[in-house]
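Below is one structure; the comments refer to it alone.
The values are calculated or read from the model by the stated rules, or taken from the named source; none is laboratory data. Everything numeric in this text was worked out from a predicted model, so none of it was measured. All Cβ positions, glycine included, derive from the backbone under ideal geometry; neighbour counts span all protein chains shown. Areas reflect the complete protein model, heavy atoms only, side chains present, ligands, DNA and RNA absent. Shrake-Rupley method; radii C 1.70, N 1.55, O 1.52, S 1.80 Å.
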Amino acid sequence: MSNILEINHLSKTFGKNLVLKDIDFSVSHGSVISIIGASGSGKSTLLRCINLLETPTSGEILYHGDNIQSRNFNLTSYRGKVGMVFQSFNLFANMTVLENCIIGQCKVLGKGRKEAEEMARMYLDKVGMAPYINAKPRQISGGQKQRVAIARALAMEPELLLFDEPTSALDPQMVGEVLSVMRALAGEGLTMLVVTHEMAFARDVSSRVVFMKDGVICEEGEPDQIFNNPQKPETRDFLSRFRNG
Ligand SMILES: Nc1ncnc2c1ncn2[C@@H]1O[C@H](COP(=O)(O)OP(=O)(O)OP(=O)(O)O)[C@@H](O)[C@H]1O
Ligand SMILES: [Mg+2]
């Protein structure tokens with residue numbers, strides 16, 4: 001399988017705090033990778049380095065073999081190809097649902113308004129948000145906001161979608177609607193890198209699970225191995241807290 005991303009010896013420090021230590025990791029086309037781990041283990045920082053919201057301290061991130069930090073790398077195009085869905089939705093509050101899904105296509109991809117709107121409507125329909133296209137974010141629920149954020153990301157037709165705890169800010173009754181959209185996307189073959197505390201999602205939907213602890217990848221493998229036969233005591237310890245909670 002071809003790799004979309006390859007991460008080699010990635011490290012990140014904040015001041016004296018080494019939060020990612022020598023991370024090696026790759027994302028192949030069509031895979032769904034869940035990243036699990038305790039708070040502070042570096043999961044968000046890893047995603048933020050991948051889309052260059054943070055600058056890696058050392059190591060390299062290759063996108064189809066090209067270093068994303070090299071001077072002649074086309075970052076704008078990369079940002080269109082690698083989308084991100086945040087815990088806190090990050091919708092534009094003053095724009096309607098529809099406008100939220102149009103603006104990136106026009107600004108980043110240079111699409112015309114008509115084509116962008118068609119795409120936006122198609123993906124809003126796909127996530128069940130077609131009836132709300134004229135609403136403002138404050139008028140819809142958290143689960144609906146997150147579905148709009150996913151539609152907005154999909155409208156860019158990304159090659160890889162990063163999710164940083166997309167359901168953590170939601171009331172429990174809204175978690176299911178967002179996870180079911182994500183399950184459907186995984187089923188359609190979208191490549192996804194998902195930081196999550198939803199262990200059932202990680203177990204049932206992922207092709208690979210990465211367990212992070214203290215800035216390193218402690219263990220990674222197929223869900224069956226990680227959940228049913230973890231090799232490292234740290235992985236067992238982390239998962240036992242979920243089983244008992
Ligand atoms: N901008 C920053 N400046 C300084 N330290 C930071 C910054 N961002 C993250 N950190 C630190 O890096 C470490 C890893 O944080 P990160 O947010 O990546 O963890 P996480 O695994 O995503 O945790 P959570 O599950 O709580 O979201 C933490 O110790 C955090 O305090
Ligand atoms: Mg985080």
| query | If you take the charge dipole of the chain about its Cα centre, with +1 on Lys and Arg Cβ and -1 on Asp and Glu Cβ, which of 185, 149, 206 is farthest toward its positive end? | reply | 149
| note | In whole Å, largest first, the alpha carbons of segment 104-245 cover along the principal axes 54, 30, 26
| query | Placing +1 at every Lys and Arg Cβ and -1 at every Asp and Glu Cβ, with all other atoms neutral, what dipole size does segment 120-245 have around its Cα centre, in debye to the nearest 20? | reply | 480
| request: Under 1.5 on a/c is rounded, so check that first for the chain, then, if it is not, pick prolate when a/b is larger than b/c and oblate when it is not; a ≥ b ≥ c are the square roots of the alpha carbon gyration tensor eigenvalues. | output: oblate
| query | Ranked highest first by the average count of other Cβ atoms within 10 Å around their residues, in what order do 207-214, 105-112 fall? | reply | 207-214, 105-112
| request: Figure the gain on full extension for residue 11 and residue 39 (residue separation times 0.36 nm, minus the Cα-Cα span) and round it to one decimal in nm. | output: 8.3 nm
| message | Within the chain, what whole-number % of the accessible surface is contributed by carbon and sulfur, with the 1.4 Å probe and all protein chains included in the calculation? | response | 47
| note | Given a Förster distance of 35 Å, the FRET efficiency implied by the Cβ-Cβ spacing of residue 29 and residue 141, rounded to the nearest 0.05, works out to 0.55
| request: Kindly report the accessible area of the chain per residue (heavy atoms of protein chains, probe 1.4 Å, no ligands, DNA or RNA), in Å². | output: 46
| query | Given +1 on the Cβ of Lys and Arg, -1 on the Cβ of Asp and Glu, and no further charges, what dipole in debye does the chain carry about its Cα centre, rounded to the nearest 20? | reply | 700
| said: Assuming 0.36 nm per residue, please report the length gained on full extension of the stretch residue 240 to residue 188 beyond their Cα-Cα distance. | reply: 15.6 nm
| Taking +1 at the Cβ of each Lys and Arg and -1 at the Cβ of each Asp and Glu, which of 85, 139, 168 sits farthest along the dipole of the chain towards its positive end, judged by Cα position relative to the Cα centre? | 139
| request: Using per-residue counts of other Cβ atoms within 10 Å, averaged over each peptide, order 219-232, 146-159, 42-55 from highest down. | output: 146-159, 42-55, 219-232
| query | Within segment 136-177, whose backbone N sits under 17 Å from a point 7 Å along Cα→Cβ of residue 118? | reply | 155-157
